[in-house]
Amino acid sequence: MVVGAFPMAKLFYLGIRQVSKPLANRIKDAARRSEFFKTYICLPPAQLYHWVEMRTKMRIMGFRGTTIKPLNEEAAAELGAELLGEATIFIVGGGCLVLEYWRHQTQQRNKEEEQRAAWNALQDEVGRLALALEALQAQAQAMPSLSALEELREELQEVRGQVCNAHCTPKCQVASSKK
């Protein structure tokens with residue numbers, strides 16, 4: 001029994017997404033421990049996220065022009081690590097979606113090509129059958145009809161009768177009288 005490719009692909013993508021969560025946790029742990037990750041990868045996006053979030057909240061509450069204090073380094077590193085982990089999961093999920101879309105498009109294209117090939121084969125078969133029909137019709141028109149054969153048979157008997165009368169052999173007269 002052949003297992004369908006579609007459920008297997010979905011299961012594969014689900015497995016990849018599940019593996020991405022522990023991978024994201026490892027990346028978060030590495031980001032918390034490494035100074036390079038903290039300084040250059042975690043802190044800038046975390047501060048930007050904090051600034052956009054606070055600015056939006058302040059505007060919703062009606063405070064305009066209020067300065068927003070940046071997060072302390074520890075909170076920014078934690079937020080940056082969380083953002084990095086979520087971004088990893090999001091990128092893996094988005095990649096799975098793109099791969100699924102690409103796979104679906106490939107299947108659709110293959111299906112259309114198969115249908116086009118089947119259609120062309122049917123058109124070729126119809127053309128071949130049309131030529132065969134024309135040939136058979138030409139043969140049928142070229143064949144003498146039954147009435148023409150009967151006329152020829154009668155003429156043949158008349159000619160035999162005339163030939164027999166002209167030569168008057170008894171054998172000929174017996175043959176022509178039987179018919």
Ordered by residue, what ³J(HN,Hα) values in Hz, to whole numbers, does segment 55-61 give under the Karplus form 6.51 cos²θ - 1.76 cosθ + 1.60, where θ = phi - 60° and Gly and Pro are x?
-> 4, 5, 4, 4, 5, 5, 7
What does segment 56-143 give for Rg and for Dmax, in Å, if only its C-alpha atoms count?
-> 34.1, 105
Accessible area (Å², per residue) of segment 1-146, counting only protein heavy atoms and a probe of 1.4 Å | 79
Rounding to the nearest 20 debye, state how big the charge dipole of the chain is about its Cα centre with +1 on each Lys and Arg Cβ and -1 on each Asp and Glu Cβ.
-> 880
Say R0 is 35 Å: what FRET efficiency, to the nearest 0.05, do Q141 and E112 get from their beta-carbon distance?
-> 0.20
Candidates Q137, Q107, Q123, ranked by Gaussian network fluctuation over the chain, Cα under 10 Å, top entry | Q137
Could you tell me which of F63, L122, C96 has its Cα farthest along the dipole of segment 48-127 towards the positive end, charges placed at Cβ (Lys, Arg +1; Asp, Glu -1), taken about the Cα centre?
-> F63
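Only Cα pairs under 8 Å and at least 6 apart count here; give the relative contact order of segment 1-158 as a rounded whole percent. Don't skip to the answer; put the middle values down first.
Values: 69 pairs, mean separation 43.0, N = 158.
With pairs under 8 Å counted, the relative contact order is 27 percent.
Grab the chain and count how many Lys pairs have their alpha-carbon atoms under 21 Å apart, sequence gap of 8 or more, or different chains. Don't skip to the end; give the middle numbers.
Numbers: K10/K21; K10/K111; K21/K38; K28/K38; K38/K69; K57/K69; K171/K179.
Number of lysine pairs found: 7.
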Which whole-Hz ³J(HN,Hα) couplings does segment 126-141 yield from phi under the Karplus relation 6.51 cos²θ - 1.76 cosθ + 1.60, θ = phi - 60°, glycine and proline marked x?
-> 5, x, 5, 5, 5, 5, 5, 5, 4, 5, 5, 5, 5, 5, 5, 6
Rounded to whole Hz and in sequence order, give me ³J(HN,Hα) for segment 41-50 from the Karplus expression 6.51 cos²θ - 1.76 cosθ + 1.60, θ = phi - 60°, writing x for Gly and Pro.
-> 10, 8, 5, x, x, 5, 5, 5, 4, 4
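Tally up the carbon and sulfur contribution to the accessible surface of segment 21-87 as a whole percent, 1.4 Å probe, everything protein left in place.
On the way: 2930 of 4810 Å².
Within segment 21-87, the accessible surface is 61 percent carbon and sulfur.
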For K10 and V163, compute 0.36 nm times the residue count separating them, minus their Cα-Cα distance, and round to one decimal in nm.
-> 45.6 nm
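By how many nm would the segment from Q105 to T67 lengthen if fully extended, with 0.36 nm per residue of separation less the alpha-carbon distance?
Details: separation 38, 0.36 × 38 = 13.68 nm, distance 4.98 nm.
Here the answer is 8.7 nm.
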On a C-alpha basis, how far is the centre of segment 76-96 from the centre of segment 40-54 in Å? Whole number, if you could?
-> 13
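How much net charge surrounds A118 when only the other residues with a Cβ under 13 Å from the Cβ of A118 are counted, with Lys and Arg +1 and Asp and Glu -1?
-3
Ranked highest first by the average count of other Cβ atoms within 10 Å around their residues, in what order do 84-91, 12-19 fall?
Working: 84-91: 15.2, 12-19: 13.0.
Top of the packing list down: 84-91, 12-19.
Expected output is a single nm value to one decimal: the length gained when fully extending between D124 and E151, i.e. 0.36 nm times separation in residues minus the C-alpha distance. What is it?
Numbers: separation 27, 0.36 × 27 = 9.72 nm, distance 4.29 nm.
So the chain would gain 5.4 nm between D124 and E151.
Write down, largest first, the equivalent ellipsoid semi-axes of the chain in whole Å, where each equals the square root of 5 times an eigenvalue of the alpha-carbon gyration tensor.
That gives 102, 19, 10 Å for the three semi-axes.
The values are calculated or read from the model by the stated rules, or taken from the named source; none is laboratory data. All values derive from a computational prediction rather than experimental measurement. Methodologically, a virtual Cβ is constructed for each residue, glycine included, from the backbone with ideal geometry; neighbour enumeration extends over all protein chains shown. What goes into the accessible areas is simple: the full protein's heavy atoms, side chains included, and nothing from ligands, DNA or RNA. Shrake-Rupley method; radii C 1.70, N 1.55, O 1.52, S 1.80 Å.
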